[in-house]
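Chemist: Next up is a structure, given as structure tokens.
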Amino acid sequence: MSQGQQARARPAPAWPKDTLRIAFGVIWLIDATLKWLPGFRSSYMSVIMGEAQGQPGWLRPWFNFWIRFQHPDAMFLAYLAAVVETLIAVALIIGFARKLTYLSAIAFSLLIWGTAEGFGGPYTSGASDIGTAIIYAVVFAGLLMLSYYGGPARYSADYYLEKKISWWWRVAETRRPDPAQAAASAPAAAPEPQATLARPS
């Protein structure tokens with residue numbers, strides 16, 4: 001077998017995709033920590049109400065609905081947002097229920113983008129970006145696709161749970177793991193020492 005064929009046959013290392021997931025989880029953990037500070041809770045409703053200002057008329061019903069829905073329980077929802085972000089961060093770092101985490105995080109990010117960030121407000125005067133939550137949603141979608149093509153994550157809680165719980169792959173993987181793909185993500189076994197024959201003197 002040529003060197004080019006050997007390079008193509010060699011499985012891709014597992015650590016780059018896991019490193020990306022863990023690094024993104026650390027970013028979310030920092031963001032979640034800020035959500036537990038008193039300043040976030042005290043300004044929770046004012047941020048959402050501020051985003052409703054200057055919105056075009058066809059979006060007013062959307063923001064008015066969320067303001068009316070959240071205003072009576074603003075403190076509870078502020079705590080809930082902090083809890084959800086913390087759970088997403090921890091699940092990312094340890095690699096727990098990755099498919100379910102990615103899908104939930106996409107929905108949560110889009111909800112934040114459509115409320116607290118006012119869809120980024122690209123149609124408002126002085127807008128300079130489209131918001132960060134939509135970028136988070138795209139990153140989570142990228143992690144979901146990476147999970148589909150990369151298979152089981154070696155450095156994750158899911159990797160060990162799938163060995164013990166037969167149905168766990170349904171919440172962890174985007175498709176049923178291929179045995180060959182699962183074996184490729186397993187750590188390589190150390191080569192056995194070969195016995196050498198002594199030459200007759």
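Chemist: Given a 1.4 Å probe and heavy atoms of the protein chains only, how would you sort S166, S104, largest accessible area at the top?
Modeler: S166, S104
Chemist: At 1.4 Å probe size, with no ligands or nucleic acids counted, give the accessible surface of F76 in Å², nearest ten.
Modeler: 130 Å²
Chemist: With each label point set 7 Å from Cα along the Cα-Cβ vector, what nm distance links S104 and F40?
Modeler: In this crude spin-label approximation the distance works out to 1.6 nm.
Chemist: May I pose another question? Given R₀ = 35 Å, FRET efficiency for W62-T33 by Cβ-Cβ distance, to 0.05?
Modeler: The calculated FRET efficiency here is 0.75.
Chemist: For a quick check of understanding: with a 1.4 angstrom probe and all protein chains in place, what accessible area in square angstrom does Y148 have, to the nearest ten?
Modeler: 90 Å²
Chemist: Then there is this: Semi-axes, largest first, in whole Å: what does sqrt of 5 times each Cα gyration tensor eigenvalue give for region 60-181?
Modeler: Semi-axis lengths for region 60-181 are 34, 17, 11 Å.
Chemist: Separation between the Y160 and T19 pseudo-spin-labels, each 7 Å from Cα along Cα→Cβ, expressed in nm?
Modeler: Computed distance between label sites Y160 and T19 equals 2.3 nm.
Chemist: Follow-up. Got a number for the accessible area of R154? Probe 1.4 Å, square angstrom, nearest 10.
Modeler: 40 Å²
Chemist: Quick check for you: with a 1.4 Å probe and neighbouring chains kept, what is the accessible area per residue of region 39-185, in Å²?
Modeler: 55 Å²
Chemist: Can you list the HN-Hα couplings for region 46-52, worked out from phi with the Karplus curve (6.51, -1.76, 1.60; θ = phi - 60°), rounded to whole Hz and with x for Gly and Pro?
Modeler: 5, 5, 5, 5, x, 5, 6
The values are calculated or read from the model by the stated rules, or taken from the named source; none is laboratory data. Everything numeric here is computed off the predicted structure, so don't read it as measured data. Cβ sites come from the backbone with ideal geometry, for glycine too, and all protein chains shown count toward neighbours. These accessible areas exclude ligands, DNA and RNA; they are computed on the full protein's heavy atoms, side chains included. Shrake-Rupley method; radii C 1.70, N 1.55, O 1.52, S 1.80 Å.
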